[in-house]
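Asks: The structure is given below, and queries will be raised subsequently.
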Amino acid sequence: MNSRKFITYIVLILSIVFVLFQIYTSTFGLMTAILQRSTHLTFVLALVFLLFPTFKETKKTYFIDMPIVLIIVASGFYLYFTFDELLFRLGDPNVWDVFFGFAIIVVLLEATRRLVGWPMTLLGIISLAYAFFGDFLPEPFGHSGRSLGRILSQMYLTTEGIFGVPLGVAATYIFLFVLFGTFMEKSGVGSLFIELAHSLAGGFRGGPAKVGIISSAAVGTVSGSPVSDAATTGAFTIPLMKKMGFKPEFAAAIEAVASSGASLVPPVMGAGAFVMADVTGIPYSTIISHAIIPALLFYVTVMFAADNEARRLDMRGLPKEELPSVRKSLMKSMRLLVPIAVLIFCLAVIRVSPIRAALYALLVMIVLTVISNVLRPQTRIPYKLLFEAVVETPKKVLVVSLACATAGIIVGTLGLTGLGLKMADLLISASYGLLPLALVYSMLIAIILGMGLPPTASYIVMAVTVAPFLIKMGLPLIVAHFFVFFYCCYAPITPPVCLAAFTTSGIAGCNPMKAGLQSVRLGISGFILPFIIVYHHSLLGIGSWTEILMTVISALFGVWGLSIVVIGWYESKVHWLWRTALFCGSILLLIPGLLTDGLGVAIVFGFVLTNTSLLFKKKMVSVSETVEKLL
């Protein structure tokens with residue numbers, strides 16, 4: 001057996017044991033938080049250095065990466081077997097505590113650099129340097145400085161550092177939902193959902209674009225990865241959109257926007273709903289109820305925009321004979337729709353823990369796959385693919401877990417130095433106590449952080465750093481957390497580092513930056529709504545039913561107007577003055593209130609009346625010219 005095969009077998013065994021460990025600790029083998037999280041991180045770090053070696057040559061890997069892997073494993077065993085003694089020497093680490101603590105921090109930062117990138121790594125390094133050299137800094141940032149032993153004790157021996165809440169979330173909720181999503185993916189969720197969406201929306205004007213929107217939302221809410229979602233569904237939908245006549249950058253943008261917004265879609269929200277419930281203490285059912293209206297408005301805007309572009313290009317829906325049967329598509333998708341229904345039932349009705357709900361849904365999906373293979377051999381899913389899901393899940397978790405562990409260093413520094421208590425005051429001072437300016441700062445931080453991290457991972461960091469600052473500014477808990485979560489979701493379509501748009505542009509064969517700019521235009525409602533939600537909570541479903549209903553109706557007219565502004569087309573090309581007026585009217589309709597709704601309706605009604613009359617006049621002129629020619 002050569003060296004490369006040997007490492008491959010080690011990775012395979014580690015991956016399987018990792019999954020079994022996660023399932024076991026989620027059901028029957030509950031462990032102390034620090035032990036469960038440290039074991040999870042041990043698997044993660046070991047896999048990183050085996051899968052992403054320092055050098056391509058296997059022999060060099062044995063001399064550099066394998067010793068690192070041994071240190072990682074030794075650290076995991078050390079914490080496990082000396083845990084009872086650690087409880088009595090917190091804050092006073094011995095030599096071995098210092099050695100393993102220092103080693104794991106260095107290894108974690110290097111692993112983060114390899115997979116997550118330099119921005120997150122530098123945040124971790126700066127945090128540690130700030131804790132150690134704080135006495136050299138002026139007020140209000142300065143502090144008395146912390147010793148190396150104190151820093152290592154905080155980061156390595158407690159749940160207030162590396163093994164804190166962020167890693168705890170990754171090691172429980174996120175892992176199991178990634179496992180569930182990977183099983184769905186291997187079971188053919190992408191092609192089945194696309195076929196179902198095709199049968200439902202393919203016959204409408206601009207059908208392929210609408211198919212992409214629906215299928216991306218359905219797949220992405222489970223996967224939680226905009227880039228992966230965009231690549232998976234985009235491979236099917238983008239070529240079809242181009243074939244129908246959509247420009248490549250528009251097709252790429254539609255897919256990128258739909259994939260990025262999927263983390264807002266209940267019931268899973270890319271695992272974001274469970275993380276938010278855990279961080280805020282608000283029930284899961286309440287979280288997803290707040291997400292319904294923003295998700296609806298976001299996707300309706302994109303649907304309207306796709307429809308307007310199709311009208312502009314004078315497109316028609318696909319012929320009925322080219323569309324799959326709705327009934328057959330539903331029957332094919334049933335084995336994947338039922339597990340999602342089980343997941344929703346467990347979470348919203350009988351209200352078991354998210355971990356148990358994911359396990360139940362996963363079990364139902366496996367059973368249905370086996371039954372389907374027996375009863376419908378023509379659509380058989382090879383069991384090899386389900387085994388591949390077990391092997392691939394740990395690889396998908398690596399980036400999120402590393403980001404969460406490094407976020408633990410940042411959170412630990414905030415607590416160790418007292419900066420966490422000062423941060424809110426510092427941000428308030430920087431914004432001069434003005435909430436709008438504070439919101440802009442928070443938006444920029446969330447987008448910058450989200451450019452290099454998946455939405456759920458970037459939200460975890462924002463939830464423990466920026467959200468408390470917004471709460472201190474007077475925002476309700478749920479509003480503050482949704483505000484930062486929204487922009488973490490939109491980061492993958494925000495230039496210059498719009499990863500989702502870059503991914504789809506590669507499939508579409510167009511300029512990545514053009515696709516990114518087009519994505520921002522199509523997703524414009526997503527960037528505007530969070531600011532309105534801050535001042536009008538009815539957009540989160542907070543308030544009386546009458547108020548919420550009126551808000552939704554007026555907001556739907558508002559996003560309809562925005563879609564016309566974005567495309568610049570309503571039966572004919574819209575003049576830039578009317579586009580400006582309609583933009584103002586649409587924003588007024590999005591802002592709840594009788595006065596704003598009245599002004600918005602007046603502007604939109606004036607636009608429709610004027611542009612319809614202009615179109616009628618053009619048609620009459622065209623008819624009269626045709627008659628004159630005939631005569």
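Asks: Charged (D, E, K, R), surrounded by 13 or more Cβ atoms within 10 Å (Cβ to Cβ) and over 21 Å from the mean Cα position of the chain (by Cα): does that describe Arg335?
Replies: Working: charged (D, E, K, R): yes; surrounded by 13 or more Cβ atoms within 10 Å (Cβ to Cβ): yes; over 21 Å from the mean Cα position of the chain (by Cα): yes.
When the stated conditions are applied, Arg335 passes them.
Asks: Continuing with the same structure: Would it be correct to say that Ile34 is of a type in the set (Val, Ile, Thr), open to solvent by 20 Å² or more (accessible area, probe 1.4 Å) and not in a loop (DSSP other than H, G, I, E, B)?
Replies: Working: of a type in the set (Val, Ile, Thr): yes; open to solvent by 20 Å² or more (accessible area, probe 1.4 Å): no; not in a loop (DSSP other than H, G, I, E, B): yes.
So Ile34 fails the test.
Asks: On to the next question. Given the conditions (1) of a type in the set (Gly, Ala, Ser); (2) under 21 Å from Val165 (Cα atoms); (3) without any contact (Cβ under 8 Å) to a residue 60 or more places away in the chain, report the number of the one that Gly408 does not fulfil.
Replies: The single condition Gly408 does not satisfy is (3).
Asks: Also, I was wondering about something else. Six or more apart or on different chains, Cβ under 7 Å: which pairs go from a residue in region 495-511 that's on the phi < 0 side of the Ramachandran plot to one that's among the polar types (S, T, N, Q) and open to solvent by 60 Å² or more (accessible area, probe 1.4 Å)? Could you list them?
Replies: Ser505/Asn511
Asks: Among the residues of region 45-60, are any surrounded by 15 or more Cβ atoms within 10 Å (Cβ to Cβ), within 27 Å of Phe175 (Cβ to Cβ) and over 32 Å from the mean Cα position of the chain (by Cα)?
Replies: Just the residues of region 45-60 that are surrounded by 15 or more Cβ atoms within 10 Å (Cβ to Cβ), to begin with: 45-51, 53, 58.
Of the ones still in play, those that are also within 27 Å of Phe175 (Cβ to Cβ) are 45-51, 53.
In the following step, the residues that additionally are over 32 Å from the mean Cα position of the chain (by Cα) were identified as none.
No - not one qualifying residue is present in region 45-60.
Asks: Pairs, please: C-beta under 8 Å, at least 6 apart or cross-chain, first residue over 12 Å from Tyr487 (Cβ atoms) and in region 444-464, second open to solvent by 30 Å² or more (accessible area, probe 1.4 Å) and outside any helix (DSSP H, G or I)?
Replies: What qualifies is Gly452/Val497; Pro454/Ser225.
Asks: Considering only region 103-114, I want to know if a residue exists there that is farther than 23 Å from Ser458 by Cα, open to solvent by 30 Å² or more (accessible area, probe 1.4 Å), in a helix (DSSP H, G or I) and without any contact (Cβ under 8 Å) to a residue 40 or more places away in the chain. Give the derivation first.
Replies: So in region 103-114, the residues farther than 23 Å from Ser458 by Cα come out as 103.
Within this subset, residues satisfying the condition of being open to solvent by 30 Å² or more (accessible area, probe 1.4 Å) are none.
No: region 103-114 contains no residue that is farther than 23 Å from Ser458 by Cα, open to solvent by 30 Å² or more (accessible area, probe 1.4 Å), in a helix (DSSP H, G or I) and without any contact (Cβ under 8 Å) to a residue 40 or more places away in the chain.
Asks: Same structure, new question: Pick from Leu179, Leu240: which is open to solvent by 10 Å² or more (accessible area, probe 1.4 Å), at pLDDT 75 or above and in a helix (DSSP H, G or I)?
Replies: The conditions single out Leu240.
Asks: Okay, moving on. Of the residues that make up region 594-613, is at least one open to solvent by less than 70 Å² (accessible area, probe 1.4 Å), closer than 21 Å to Glu547 by Cα and not in a helix (DSSP H, G or I)?
Replies: Applying the first criterion (open to solvent by less than 70 Å² (accessible area, probe 1.4 Å)) to region 594-613 yields 596-598, 600, 602-604, 606-608, 610-613.
Now narrow it down to the ones that are closer than 21 Å to Glu547 by Cα: 596-598, 600, 602.
With not in a helix (DSSP H, G or I) added as a condition, the list becomes none.
No.
Asks: For region 421-467, name all the residues that are buried (at least 20 other Cβ atoms within 10 Å of the Cβ), outside any helix (DSSP H, G or I) and of a type in the set (A, V, I, L, M).
Replies: Result: Leu453, Val466.
Asks: Go through region 1-31 and give me each residue that's touching a residue at least 24 places away in the same chain (Cβ under 8 Å), under 18 Å from Phe387 (Cβ atoms) and open to solvent by 20 Å² or more (accessible area, probe 1.4 Å).
Replies: Within region 1-31, Ile10, Leu12, Leu14, Ile16, Val17, Ile23 meet the criteria.
Asks: Could you tell me how many of the residues in region 472-493 are surrounded by fewer than 24 Cβ atoms within 10 Å (Cβ to Cβ) and modelled with pLDDT under 90?
Replies: Residues meeting the conditions: 3.
Asks: Read through the list (1) open to solvent by 30 Å² or more (accessible area, probe 1.4 Å); (2) within 22 Å of Val227 (Cβ to Cβ); (3) at pLDDT 85 or above, then give the number of the only condition that Lys396 fails.
Replies: Of everything listed in (1) open to solvent by 30 Å² or more (accessible area, probe 1.4 Å); (2) within 22 Å of Val227 (Cβ to Cβ); (3) at pLDDT 85 or above, Lys396 misses just condition (3).
Asks: Let me ask another. Cβ-Cβ distance below 7 Å, separation of 6 or more or different chains: which pairs start in region 259-283 with a residue that is surrounded by fewer than 24 Cβ atoms within 10 Å (Cβ to Cβ) and end on one that is not in a helix (DSSP H, G or I)?
Replies: Sorted first by the residue in region 259-283, then by its partner, the pairs are Ala277/Pro283.
Asks: Considering each of Ile340, Ile293, Ile287 in turn, give the residue that is under 21 Å from Phe486 (Cβ atoms), open to solvent by less than 60 Å² (accessible area, probe 1.4 Å), out of contact with any Leu (no Cβ under 9 Å at 6 or more places or on another chain) and assigned to a helix (DSSP H, G or I). Walk me through how you get there before you give the answer.
Replies: Values: Ile340 fails: under 21 Å from Phe486 (Cβ atoms); Ile293 fails: out of contact with any Leu (no Cβ under 9 Å at 6 or more places or on another chain).
Just one listed residue meets the conditions, Ile287.
Asks: Give region 138-153 a look and list any residue that's surrounded by 13 or more Cβ atoms within 10 Å (Cβ to Cβ) and either among the polar types (S, T, N, Q) or at pLDDT below 85 (or both), or say none.
Replies: Applying the first criterion (surrounded by 13 or more Cβ atoms within 10 Å (Cβ to Cβ)) to region 138-153 yields 142-143, 145-146, 148-153.
If the condition is that a residue be surrounded by 13 or more Cβ atoms within 10 Å (Cβ to Cβ) and either among the polar types (S, T, N, Q) or at pLDDT below 85 (or both), then Gly142, His143, Gly145, Ser153 are the ones that fit.
Asks: Any residue in region 542-555 that's on the phi < 0 side of the Ramachandran plot and assigned to a helix (DSSP H, G or I): show its pairings with residues that are open to solvent by 80 Å² or more (accessible area, probe 1.4 Å) and acidic (Asp, Glu) at Cβ separation under 6 Å, as long as the two are six or more apart or on different chains.
Replies: none
Asks: If you go through region 265-284 one residue at a time, do you hit one that is at pLDDT 85 or above and at positive phi?
Replies: The answer is yes; a qualifying residue exists.
The values are calculated or read from the model by the stated rules, or taken from the named source; none is laboratory data. Being a predicted model, the structure only gives us computed values, none of them experimental. Glycine gets a Cβ as well: all are built from the backbone with ideal geometry, and neighbour counts include every protein chain shown. Note: areas computed on protein heavy atoms with side chains; ligands, DNA, RNA excluded. Shrake-Rupley method; radii C 1.70, N 1.55, O 1.52, S 1.80 Å.
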